[in-house]
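S.K.: So that we are looking at the same thing, I have put the structure below in structure tokens.
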Amino acid sequence: MKPAPTLLSTAFLHPAGQALPEPLLALRKQRGAALVDMPMPTRKTENWKYSSKYLKLTDEMATSLPATGKTGSALAVPGYKVVFINGVVMPEASEYPDLDNIRIQRFGDLSDAEASELVERLDSTLDAKAVQFAGLNTARFEDGLVIRLKPDAVLDQPLFIIHEVTADSSGSAFPRIFVDAGRNSQLTLVEEYISSGQEAVFVNSVTEFTLAEGANVTNIRLSMGGENVQHIGATGVTQQRSSRFESHCVGFGGPLRRHDLRVRLEGKGAECKLNGVVVTQSTQHYDNHTTIEHVAPNCDSEETYRNIAADKSHAVFNGRIHIHPDAQKSNANMSNKNLLLSTGAEIDTKPELEIYADDVKCAHGATIGQLDEESLFYLVSRGIGRREANVLLTMAFINELVAQIPVEAVRDTVQARLNQFFDQTFQEA
Amino acid sequence: MLSIKNLHASVEGKEILKGINLEIKAGEVHAIMGPNGSGKSTLAQVLAGNDAFEVTSGSVTMNDEDLLEKETEERARDGVFLAFQYPVEIPGVSNLQFMRTSVNAMRHHRGEPEMNAAEFMKLAREISKQVDLDPAFLKRGVNEGFSGGEKKRNEIMQALMLQPKLAILDETDSGLDIDALKVVSDGVNALRAEDRAILMVTHYQRLLDHIVPDFVHVLADGKIVKSGGRELALELEDRGYAWLGIKDDETAASSALSNSAN
Ligand SMILES: Nc1ncnc2c1ncn2[C@@H]1O[C@H](COP(=O)(O)OP(=O)(O)OP(=O)(O)O)[C@@H](O)[C@H]1O
Ligand SMILES: [Mg+2]
């Protein structure tokens with residue numbers, strides 16, 4: 001057997017697509033140069049301990065997938081829509097408003113001045129050392145979307161971003177989004193990652209949000225891609241005074257799924273609420289790494305993640321809360337519960353608290369368990385079938401989080417996919 | 001209707017039921033009394049199909065069909081209902097959703113159409129009134145945070161909803177205040193019917209003032225040691241279990257009995 005590569009293959013360091021403003025091309029080049037020695041994660045890499053074995057990048061995957069196709073355009077969404085195919089925006093499949101106070105632009109359509117401004121801010125929400133693969137996205141993106149809300153701007157409907165990869169050949173895609181939410185602006189952004197085709201592909205996505213004072217942003221992220229898609233994604237958020245960020249991440253497993261979510265509460269009184277649901281089956285994998293930095297005082301964070309692992313699948317949760325010395329009167333709550341639906345499944349969970357301020361309220365809890373036999377017996381003793389009883393109890397585990405997703409169409413999509421999972425996982429006795 | 005012959009059952013290798021014989025006919029009400037730990041709940045759970053208990057020998061038939069062959073849910077659909085001594089709390093599944101799923105599973109089994117949400121709601125409201133539970137309880141998680149008495153009323157509510165052929169009530173009277181005992185007894189009496197049998201486990205004679213049983217059995221150390229009419233319950237109340245030659249756990253049982261006398 002070939003030994004695992006110790007460095008990222010240089011094949012990954014050749015971006016395609018030159019249709020970008022000069023400042024973005026320069027940034028890309030600079031990031032690429034910095035990645036020449038990027039070590040590949042191994043079991044010994046702390047934040048990849050449980051997941052490195054799932055990461056299998058081949059040189060065939062290094063080539064960018066062609067920016068064509070329009071499957072995603074068929075999706076009806078109750079709101080505005082931007083379709084990315086293989087990391088590139090498809091304007092003809094997209095429908096979104098062009099308003100004075102809300103600009104939604106492709107990277108390629110930015111003026112040099114606007115691009116320079118963006119270059120200053122790209123990657124600012126993510127710590128390059130902790131989120132190794134975010135840098136790769138910056139070295140490779142071929143397009144991207146920048147969403148800028150001026151002060152007080154309110155987008156009246158959710159904006160759906162459909163990220164599709166068409167895996168008709170082996171290759172990769174590097175979708176990129178940057179959201180600049182001005183003072184007291186409001187936005188609901190739904191990101192849905194889907195795939196078609198069967199070849200082995202790699203998706204490396206980054207979405208960043210900067211929230212100015214009083215901004216209110218909701219981000220729903222659905223990871224629905226196929227069995228052939230390795231996906232490493234990162235979401236970075238910085239929040240100024242009294243802003244509010246709400247995130248709902250729902251992920252279904254794959255050969256490799258990794259999501260890093262990092263929130264920095266930089267302004268007094270900012271608050272974030274992070275909900276997550278992960279469902280894995282067969283030999284799938286899913287790894288969520290979240291970090292909440294309480295930098296400023298009087299901020300609230302509330303995090304609730306649930307993992308469900310069936311068959312021989314493997315789910316990982318790592319939740320870190322870091323309360324900085326100045327962050328007095330921080331209020332941080334983290335709950336992670338895990339449900340193993342088979343003895344062959346594995347879940348690794350690790351809450352990490354680092355508290356450097358003395359006047360804080362911080363609570364966390366993590367549990368791992370199975371469906372409760374007594375509850376099952378109670379249900380079937382009322383004539384309810386085994387399958388249905390299992391479904392009721394499994395749904396009970398995540399009901400609350402699914403119900404909190406603020407867009408009905410997304411809840412329906414999630415429920416439909418869950419029903420599929422239940423059909424595959426639970427049989428009648 | 002129900003015929004139990006020489007039933008032996010054990011849990012984790014320990015024999016609990018040591019040869020139970022019991023015949024129950026349609027329309028009858030049987031009470032089972034006996035000291036703590038004698039196996040009353042075990043009998044109830046075995047009848048309902050809890051596979052935490054292993055039946056090592058004996059037979060149970062209901063309407064001439066082998067009950068022990070059947071899965072728990074099949075037994076329920078054939079009309080076996082167990083009101084649990086300790087009803088289970090299931091947060092995240094609403095009482096309403098639970099009961100509706102249950103009622104529809106039964107209807108499906110009988111080849112009847114499902115009840116829609118509105119029809120079901122109407123029925124649920126009526127019955128919750130009958131057991132004096134605020135309909136707001138329907139929205140809460142199954143038994144979640146219910147008081148002891150509320151849980152028991154919820155069990156009776158389910159029995160009324162499902163109209164079983166054989167209702168097994170495991171200490172449904174325990175922990176009830178006087179008004180609740182009346183409500184629950186009225187519920188059980190409403191269940192009494194020509195074509196239905198009731199098997200109730202109780203420690204308290206006072207329940208039997210409200211629900212007059214046809215037979216009373218004393219279960220001790222996994223066996224029925226005495227059977228009689230309702231006067232047996234009165235005698236137990238007066239004399240405790242000791243006169244029957246039952247040695248262990250009398251203290252708990254007789255103190256329970258004397259509590260009920262107060
Ligand atoms: N799951 C179990 N594991 C081990 N022992 C058990 C289990 N369930 C019951 N037992 C034991 O079986 C015996 C009978 O228990 P059971 O619950 O049937 O008694 P009971 O007559 O209903 O008592 P009570 O009046 O206190 O309700 C007890 O000694 C009990 O500890
Ligand atoms: Mg008992």
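S.K.: Apply the Kirkwood formula to region A:253-334: the hydrodynamic radius equals the inverse of the mean of 1/r over all pairs of different alpha-carbon atoms; give it in Å with one decimal.
M.R.: 13.5
S.K.: Right, another one. Quantify how strongly other chains surround peptide B:88-101 by giving the mean number of their Cβ atoms within 10 Å of each of its Cβ atoms.
M.R.: Numbers: counts 9, 4, 9, 5, 10, 8, 3, 0, 0, 4, 7, 1, 0, 9.
Mean inter-chain Cβ contacts per residue within 10 Å come to 5.
S.K.: Spelling out what I want: for every residue of region B:5-11, take phi, set θ = phi - 60°, compute 6.51 cos²θ - 1.76 cosθ + 1.60 (Karplus), and round to whole Hz; glycine and proline get x.
M.R.: Values, residue by residue: 10, 6, 7, 10, 8, 9, 10 Hz.
S.K.: Under 14 Å from the Cβ of residue A:141, count the other residues' Cβ atoms, weight Lys and Arg +1, Asp and Glu -1, and hand me the total.
M.R.: In short, +2.
S.K.: In the neighborhood of residue A:354, defined by Cβ-to-Cβ distances under 10 Å, what is the net charge if each Lys or Arg adds +1 and each Asp or Glu adds -1?
M.R.: So the environment of residue A:354 carries a net charge of -1.
S.K.: What shape does the protein assembly as shown take by its C-alpha gyration tensor, where a ≥ b ≥ c are the square roots of the eigenvalues and a/c under 1.5 counts as rounded, a/b above b/c as prolate, and the rest as oblate?
M.R.: It comes out prolate by the Cα gyration axes.
S.K.: Can you spot the aspartates and glutamates whose alpha carbon is less than 13 Å from residue B:182's alpha carbon? Ignore those fewer than 8 places along the same chain.
M.R.: The qualifying aspartates and glutamates are B:132, B:173, B:209.
S.K.: To one decimal place, what orientation-averaged projected area in nm² is obtained for the convex hull of the Cα set of region B:1-59?
M.R.: Hull-based average projected area comes out at 4.0 nm².
S.K.: Taking Cα atoms, how many degrees apart are the long axis of helix B:250-261 and the longest axis of chain B, rounded to 10 and kept between 0 and 90?
M.R.: Taking Cα atoms only, the helix is inclined about 60 degrees.
S.K.: If you count the DSSP beta bridges with both ends in the protein assembly as shown, what percent of them are antiparallel, to the nearest 5?
M.R.: 20
S.K.: Amide H to amide H under 5 Å from residue B:92: which residues, 5+ apart in sequence or cross-chain, H placed 1.01 Å off N in plane?
M.R.: The answer is B:141, B:142.
S.K.: Report the trypsin sites (Lys or Arg not before Pro) located in region B:21-127 that are in a DSSP loop and have at most 12 other Cβ atoms inside 10 Å of their Cβ, or state none.
M.R.: B:25, B:110
S.K.: Continuing with the same structure: So for each of A:340-350, A:253-263, B:192-202, B:5-15 I average, over its residues, the number of other beta carbons within 10 Å; can you give me the resulting order with the highest mean first? It would help to have the intermediate numbers written out before the result.
M.R.: On the way: A:340-350: 16.9, A:253-263: 24.5, B:192-202: 18.8, B:5-15: 14.1.
Descending packing order for the listed peptides: A:253-263, B:192-202, A:340-350, B:5-15.
S.K.: Then there's this: Please compute, for peptide A:310-320, the average count of beta-carbon atoms on other protein chains lying within 10 Å of each residue's beta-carbon.
M.R.: 0
S.K.: Could you calculate, for region A:297-429, the ratio of the Cα radius of gyration to the Kirkwood radius, expressed as Rg to Rh?
M.R.: Rg divided by Rh gives 1.07.
S.K.: Can you give the percent of C-alpha pairs in region A:10-370 whose distance is more than 32 Å? Let's see the in-between values first.
M.R.: Working: 18073 of 64980 pairs.
Pairs farther apart than 32 Å: 28 percent.
S.K.: Moving on to the next point. Convert each backbone phi in region A:333-340 into a coupling constant with the Karplus relation 6.51 cos²θ - 1.76 cosθ + 1.60 (shift: θ = phi - 60°), then list the ³J(HN,Hα) values in order as whole Hz, x for Gly and Pro.
M.R.: Result, ordered by residue: 10, 10, 10, 10, 10, 10, 10, 9 Hz.
S.K.: For chain A, calculate the relative contact order in percent as a whole number, restricting contacts to Cα pairs under 8 Å that are 6 or more residues apart. Let's see the in-between values first.
M.R.: Values: 1126 pairs, mean separation 42.5, N = 429.
RCO, chain A: 10 percent.
S.K.: Also: How high is the relative contact order of region A:125-217, given as a whole-number percent (alpha carbon pairs under 8 Å, six or more residues apart)? Working shown, then result.
M.R.: Working: 201 pairs, mean separation 32.6, N = 93.
Value for region A:125-217: 35 percent.
S.K.: Additional query: List the residues, sorted by chain then number, that are 5 or more residues from residue A:249 or on another chain and whose placed amide H is less than 5 Å from its amide H.
M.R.: Placed amide hydrogens put A:221, A:275, A:276, A:277 under 5 Å from residue A:249.
S.K.: Would you mind estimating how fast region A:1-103 diffuses translationally, via Stokes-Einstein at 10 °C and 1.306 mPa s with the Kirkwood radius over Cα pairs, in µm²/s?
M.R.: Working: Rh = 17.2 Å.
Translational diffusion coefficient: 92 µm²/s.
S.K.: Per residue of B:102-108, count partner chain C-beta atoms within 10 Å of its C-beta, then hand back the mean as an integer.
M.R.: Average per residue, whole number: 4.
S.K.: Then there is this: By per-residue mean of other Cβ atoms within 10 Å, what is the highest-first order of A:93-99, A:196-202?
M.R.: A:196-202, A:93-99
S.K.: Gaussian network model of chain A, Cα springs within a sub-10 Å range: biggest mean-square fluctuation belongs to which of A:353, A:187, A:136?
M.R.: A:353
S.K.: Also, quick follow-up: Using only the alpha-carbon atoms, how far is helix B:95-109 inclined from the longest principal axis of chain B? Give it as 0 to 90 degrees, nearest 10.
M.R.: 90
S.K.: Using the Karplus equation 6.51 cos²θ - 1.76 cosθ + 1.60 (θ = phi - 60°), what ³J(HN,Hα) coupling, rounded to whole Hz, does each residue of region A:296-311 give in order, writing x for Gly and Pro?
M.R.: 9, x, 6, 9, 10, 10, 9, 10, 9, 10, 10, 10, 10, 10, 10, 6
S.K.: Go through A:125, A:274, A:318 and say which Cα lies farthest out towards the positive end of the charge dipole of region A:10-370; charges sit on Cβ, +1 for Lys and Arg, -1 for Asp and Glu.
M.R.: Looking along the dipole axis, the top candidate is A:318.
S.K.: Find which of A:366, A:418, A:377 sits farthest along the positive direction of the dipole of region A:289-429, computed with +1 on the beta-carbon of Lys and Arg, -1 on that of Asp and Glu, about the Cα centre.
M.R.: Of A:366, A:418, A:377, it is A:377.
S.K.: For the pairs A:129/A:273; A:150/A:350; A:273/B:139; B:5/B:165; A:337/B:129, note any where the Cα-Cα span goes beyond 31 Å.
M.R.: Violating the 31 Å limit, Cα to Cα: A:150/A:350; A:337/B:129.
S.K.: Another question, then. Got a sec? Charge dipole of region A:1-102, +1 on Cβ for Lys and Arg, -1 for Asp and Glu; which of A:94, A:45, A:76 is way out at the positive end?
M.R.: Highest projection toward the positive end goes to A:45.
S.K.: Tell me which residues come under 5 Å, amide H to amide H, from residue A:179 once H is placed; ignore anything under 5 positions away on its chain.
M.R.: A:147, A:208, A:209, A:210
Bear in mind these aren't lab numbers, they're just calculated from the coordinates by the rules spelled out. Computed from a predicted model, the values in this text were never measured in an experiment. Every residue, glycine among them, receives a Cβ derived from its backbone with ideal geometry; neighbour counts consider all protein chains shown.
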